[in-house]
Amino acid sequence: MKQILALAGKDLRLLLRDKAGAFFVFFFPLLFAIFFGLIFSGAGDEQSSIPIALVDEDSSAGSAKFIEKLNKAAELEVLPTTRSQAISLVRSGKRAAYVVLTKGFGPASDRMFWGDAAKIELGLDPSRKAEAGMLEGVLTRYFMEGFQANFTDRGKMRGHLQESIAAMNTAPDSERAYWSPLANSLKMMDDFFAQPTVSGDSGQSGEESSGWQPLKVEVSDVSVKRVGPKNPFDVTFPQSVIWGLIGCAAAFGISLVVERSKGTLVRLRMAPLSRRQVLTGKAVACFVSNLGVSLLMIALAIAAFNVRPYSLPWLALAIVCCSLCFTGIMMLLSVMGRTEASASGIGWAVLLVMSMIGGGMIPIFFMPPWMRLVGSFSPVKWAIITLEGAVWRGFSPVTMLAHCALLLGIGTVFFAIGATIFTRRGD
Amino acid sequence: MLQLTNLRKSFGSLRAVDDVSLEIRPGEIFGLLGPNGAGKTTTVSLAVGLLKPDSGTARVGGGDPLNPEIRSKVGVATQALALYEDLTGEENLRFFSKIQGLSGTTLNQRVGWALEFSQLSDRRKDRVKTYSGGMQRRLNMAVALVHEPPLLLLDEPTVGVDPQSRKAIFESILALRREGRAILYTTHYMEEAQRLCDRVGIMDRGKLLALDSVDNLIRDHGGRDVLITECSDGEKRTETDDPVAELEKLRQKGPLHRFRVERPDLETVFLNLTGKTLRD
């Protein structure tokens, strides 16, 4: 046993001193988890605002109020300018669009039921169509917010109604008959809003006196049982654990080939060690480093990235099983090449394909059904699902044990094949 | 200490070792000479239990080297530097001591001894990859010796080392002989074998062609001395058992400008036995 521990200790020490190996075992998985976690969460990627040039040709209180809303809008980056300058900025690609509030915009935006509509001119850069579509929606939204205020404020409402009635009454005789039914209706509405409300409101102006709203959304906090990951890092950290395991499997698989090519394996074989002890030493080192990198990743995920595993005991079991599985994979990789270069090339090619189809690069739930099926042949898929089962999928004990058994089976078969080839070669 | 009896080993149709028998006694340096492919490495592998013979027996201290415990009686310094370059010299020695079963005070003492032996005490904390070729070669040998094996197999231990390190290695080997260790020494260098070895075995194509002391081999297989004289007629080579008498005869026939005597050595023995030079 002491000899096996000596073999394992030596391999772990060598791994820590191999900078390239340490990068793939520790730093690459961590970078992977953080990078993709941030992408999926949108953090670090401030909602990119649309740069627009804004021209106010109305210069009214209404247009100023609308501009104030646009200036505060997170979706927009507003540059006030003149019409010619605005067109030039869009043409030169410096602004995605220009927006012109035309003459009469302010009064028209306050007017209800009659008269010309408020008019906005929108000049678009055709190469930025996606932003243009979003811009139309944003402008409409902020305009409607202002328009909605007309309905929710009794004082304003009555003012607009009286203005409209007066305008209709002073219209030419030929139009007055046409507007007459509407004018009568508006008069009735004005009378209605002049009454005190049922709650005793005197009909004064102000938000408190609002009698009606077109839409009122009430938000309630309802805790529901989530079926998906609570946090993008719930997905990326299990993947990063797998990348760490892949790095370990590659490093130790290649190290056995290096021992063979450098002659240290012969020296070990000439020592009072059996082949089994030599292989066990390598396997113990791989398993310990697998465990180490997995625990490190999970500890970081919990401490710094708000990952809250569904079950810590199941997670511990999943990590042990994944580590054993990848120890078996390491053994198989170690006999795939005769030289360091061939072992490294073949090993990484196999591992990358396994990772690619198994969800190590793209989360499994993003994959089309046929790729999920193909991925079933990759141990990476089962390892990730097992880890996810303990992190956010909420596996039942039976499901978890079944997945763990599968991982152990894969690891055992791969280890047995690798060890058999190793022994038959007479290494 | 090492006894090989009628060893045979084939790889497919190639007979790598063909009926080899030899014995190395404690306190003896045994040289195994042969060109590449002669079967030296296979013989060594059979001797330490790396390979199983097709027939015949190998015994180390009376035991079968296929048994891992028996292998602890053997120290091997391979021609390739079998060291971990990213470990320090001391870490290498500690690791190989542990796998030989040493621990505690014994381990510390033996590692200290091995560092002294390899003259690497002041570089013990440096990684092996920073060592010179000679230092690595000395460490390679120290690793073979760290567990005090009674049988030492040295495979080309002076390849690629500077004269100073070579001298240090020779002195170490002679000191080990004085301690009573049995040493199997394979080399390409005739002068090393001639200088160090008590007995020499010459191998070619898997067979042990001759085995005796260096003097006896030269006497039996080296042929006669060659007297080379130079006179007005040119250079003349004369094989003779008595160069002095032959020189006197030639001098009486006429004046000699120069002369020299070429005595047979192991190279000549090897050439006579195998029909080729050792480096072929």
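The values are calculated or read from the model by the stated rules, or taken from the named source; none is laboratory data. Everything numeric in this text was worked out from a predicted model, so none of it was measured. When we count neighbours, we look across all protein chains shown, and the Cβ atoms used for this are built from the backbone with ideal geometry, even at glycine.
Structure values in brief
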item	result
Search result, residues across the stretch B:86-101 that are facing another protein chain (nearest Cβ under 10 Å) and touching a Phe, Trp or Tyr at 6+ places or on another chain (Cβ under 9 Å)	B:Leu87, B:Glu91, B:Asn92, B:Phe95
Count of the stretch B:44-57 residues which are closer than 26 Å to B:Asn216 by Cβ and at pLDDT 90 or above	1
Neighbours by Cβ (under 7 Å, 6+ apart or cross-chain): first from the stretch A:55-73, without any contact (Cβ under 8 Å) to a residue 24 or more places away in the chain; second aliphatic (A, V, I, L, M) and part of a strand (DSSP E or B)	A:Asn71/A:Val78
Qualifying residue in the stretch B:75-82 (condition: within 8 Å of chain A (Cβ to nearest Cβ), touching a strand residue (DSSP E or B) at 6+ places or on another chain (Cβ under 7 Å) and within 25 Å of B:Thr130 (Cα to Cα))	yes
Within the stretch B:132-148, tally of residues that are assigned to a helix (DSSP H, G or I) and within 14 Å of another protein chain (Cβ to nearest Cβ)	9
Matching residues, the stretch A:257-273, being more than 51 Å from the chain's Cα centre (by Cα) and not in a helix (DSSP H, G or I)	A:Ala271, A:Pro272, A:Leu273
Answer from A:Met297, A:Met331, A:Met354 - the residue that is among the hydrophobic types (A, V, I, L, M, F, W, C), under 20 Å from A:Ile34 (Cβ atoms), touching a helix residue (DSSP H, G or I) at 6+ places or on another chain (Cβ under 7 Å) and crowded, with 17+ Cβ neighbours inside 10 Å	A:Met297
Boolean, B:Gly75 is buried (at least 22 other Cβ atoms within 10 Å of the Cβ) and assigned by TED's automatic domain parsing to the domain that holds B:Glu23	yes
Failed item, numbered, when A:Ser60 is tested on (1) of a type in the set (Ser, Thr, Tyr); (2) at pLDDT below 85; (3) surrounded by 16 or more Cβ atoms within 10 Å (Cβ to Cβ)	(2)
Conditions (1) surrounded by fewer than 18 Cβ atoms within 10 Å (Cβ to Cβ); (2) modelled with pLDDT under 85; (3) over 18 Å from B:Ile29 (Cα atoms); number of the one not met by B:Thr268	(1)
Residue list for the stretch B:170-200, filter: out of contact with any helix residue (DSSP H, G or I) (no Cβ under 9 Å at 6 or more places or on another chain) and in a strand (DSSP E or B)	B:Ala182
Residue match in the stretch B:202-213 (condition: surrounded by fewer than 15 Cβ atoms within 10 Å (Cβ to Cβ) and closer than 28 Å to B:Pro26 by Cβ)	yes
Single residue of the stretch B:102-131 satisfying the filter (among the β-branched types (Val, Ile, Thr) and exposed (fewer than 15 other Cβ atoms within 10 Å of the Cβ)) that is farthest from the other protein chains (Cβ to nearest Cβ)	B:Thr105
Pairs, first more than 14 Å from chain A (Cβ to nearest Cβ) and on the phi > 0 side of the Ramachandran plot in the stretch B:47-70, second crowded, with 17+ Cβ neighbours inside 10 Å and of a type in the set (A, V, I, L, M, F, W, C), C-beta under 9 Å, six or more apart	B:Gly56/B:Leu4; B:Gly56/B:Leu7; B:Gly56/B:Val17; B:Gly56/B:Val20; B:Gly56/B:Leu46; B:Gly62/B:Ile70
Residue that is nearest to the chain's Cα centre (by Cα), among those in the stretch B:148-167 that are on the phi < 0 side of the Ramachandran plot and surrounded by fewer than 19 Cβ atoms within 10 Å (Cβ to Cβ)	B:Val159
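Okay, residues lined up against (1) at pLDDT 85 or above; (2) of a type in the set (A, V, I, L, M, F, W, C); (3) in a helix (DSSP H, G or I); (4) assigned by TED's automatic domain parsing to the domain that holds A:Gly292:
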position: A:Gly347; (1), (2), (3), (4): no, no, yes, yes
position: A:Gly360; (1), (2), (3), (4): no, no, no, yes
position: A:Met371; (1), (2), (3), (4): no, yes, yes, yes
position: A:Ile385; (1), (2), (3), (4): yes, yes, yes, yes
position: A:Gly409; (1), (2), (3), (4): yes, no, yes, yes
position: A:Val413; (1), (2), (3), (4): yes, yes, yes, yes
position: A:Thr420; (1), (2), (3), (4): yes, no, yes, yes
